[in-house]
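Read-outs: derived from the displayed coordinates by stated rules, not from any lab. Nothing here was measured: the structure is a model prediction, and the numbers come from that model. Here the Cβ positions follow ideal geometry from the backbone for every residue, glycine too, while neighbour counts run over all protein chains shown.
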Amino acid sequence: MRLEHCHNFHDFRKLAKRRLPRPIFDYIEGAADDEATFRRNTVSFEACDLIPTVLAGVAEIDMSVTVMGQKLDMPVYCSPTAIQRLFHHEGERAVAAAAEKHGTMFGVSTLGTASLQEVRKHKGPQIYQFFFHKDRGLNQSMMQEAKRVGVDVMMLTVDSITGGNRERDKRSGFAIPFHLTLGSLVQFAIKPMWGINYLTHEKFSLPQLDGHVDMGAGAMSISRYFTEMLDPSMDWKDVEEMVKLWDGQFCLKGIMSVADARKAVDIGCSGIVVSNHGGRQLDGSRSPFDQLAEIVDAVGDKIDVLMDGGVQRGTHVLKALSLGAKAVGIGRFYLYPLAVAGQAGVERALDLMKLEIARDMRLMGCKSIARLSRENLRFR
Ligand SMILES: Cc1cc2nc3c(=O)[nH]c(=O)nc-3n(C[C@H](O)[C@H](O)[C@H](O)COP(=O)(O)O)c2cc1C
């Protein structure tokens, strides 16, 4: 199976599973506890059906959207994800380049393996995904750097106040730096191409944290980073100050309750992402699609409501937009293609998504995203 044989999410997933050492594949796919929320995220899209209209003159369609002041050629963006260099040596650069080609937005994680400055070379709206540290000086200097390089949207992740319980990683010993079990070492040994690729390209690093956290020498691991460096006392007051300091587009990622969505409006955020971190944090929490309508009804006229989690199809995107989301984020949908073929993989995945959305809009009798509404949907 090769890249050109990948026609959907499942094909990319299958190929990534073949190419990646099992502990790395499991780090991407895995979620918290029993992974119930992770599964529900995708299944929830089946709770409703689309109602098409016909004879609507759909020769020309426009799928562009404007979200948090950013014009996107498609209503899907690449949500920020950590340590992409481990999945493919092109890492964040590949995702930034593919997003630029498709005229959409992409996020760089605090745990990104390319610097904000480097990916800023690519045109197109750039998000900086921010983790809030105990060290307020570090927070300020990270914000200053983001301002300096011209990040368009500051996105603070608020659902990761502590690390999720990822049991697949515990079993394999997946950690940065690696602490692999014997069984996991065998999994790396039987996928030598990954190892060759990893060792023959530039060294793994976390440039956003350079000078602040020493991961290289093994002094700090990612799980210790979450428990020791991030600040569990973070509250609305802290975030309000951050919003003021940033003085630009500011978004909270991981909002799930109406009360919190209202608070985000009150402190001056321009967007929220209804998200449960792809099921990787609180297992048993509701799926973003199930929770979307409630939040849109409460604050949709005051703030841009985005969502991510479980999106695998153009029809998933159309359902979320019909409920009132302004744009939809993808995670694993572009990570498996990244693992399979770097930039070419992410480009193909976004291409397929764009084609699906265009086809589905035509079949729905819908010329522009603004025409989508709850009239298009029936819950079972
Ligand atoms: C491997 C992986 C790493 C992630 N790293 C981060 C991160 O560093 N910061 C963050 O806010 N979200 C992170 N996420 C969550 C994504 O931004 C997004 O919310 C989630 O992947 C959406 O679900 P989906 O993968 O089903 O599309 C990560 C997700 C995955 C799969």
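What to note about this one:
- Range of Cα positions in the range 289-380 per principal axis (Å), largest first: 41, 26, 26
- Protection proxy ranking, peptides 314-320, 233-239, average beta carbon neighbours within 10 Å, highest first: 314-320, 233-239
- At R0 = 25 Å, FRET efficiency that the Cβ-Cβ distance of His5 and Lys170 yields, to 0.05: 0.15
- Integer Hz, Karplus 6.51/-1.76/1.60 couplings in order for the range 167-172, x for Gly and Pro: 6, 4, 5, 5, 5, 7
- Once C-alpha pairs closer than 8 Å and six or more residues apart are averaged by separation and normalised to the residue number of the range 99-194, the relative contact order reads 21 percent.
- Cα gyration tensor shape for the chain, rounded if a/c is under 1.5, else prolate or oblate: oblate
- Label-point separation in nm, Val265 to Ala47, each point 7 Å along Cα→Cβ: 2.1
- Whole-angstrom gap from the range 55-110 to the range 250-310, using each part's C-alpha centre: 20
- Summarising the strand pairing of the chain, around 20 percent of its internal DSSP beta bridges are antiparallel.
- Distant-in-sequence amide contacts of Leu230, defined by a placed amide H-H separation under 5 Å and a gap of 5 or more residues or a different chain, comprise Lys134.
- Taking Glu90, Glu29, Glu241 and counting other C-beta atoms within 10 Å, the order from fewest to most: Glu241, Glu29, Glu90
- Overall form of the range 57-167 per C-alpha gyration tensor (a/c, 1.5; a/b vs b/c): prolate
- Measuring between their Cα centroids, the range 3-31 and the range 169-187 lie 18 Å from each other.
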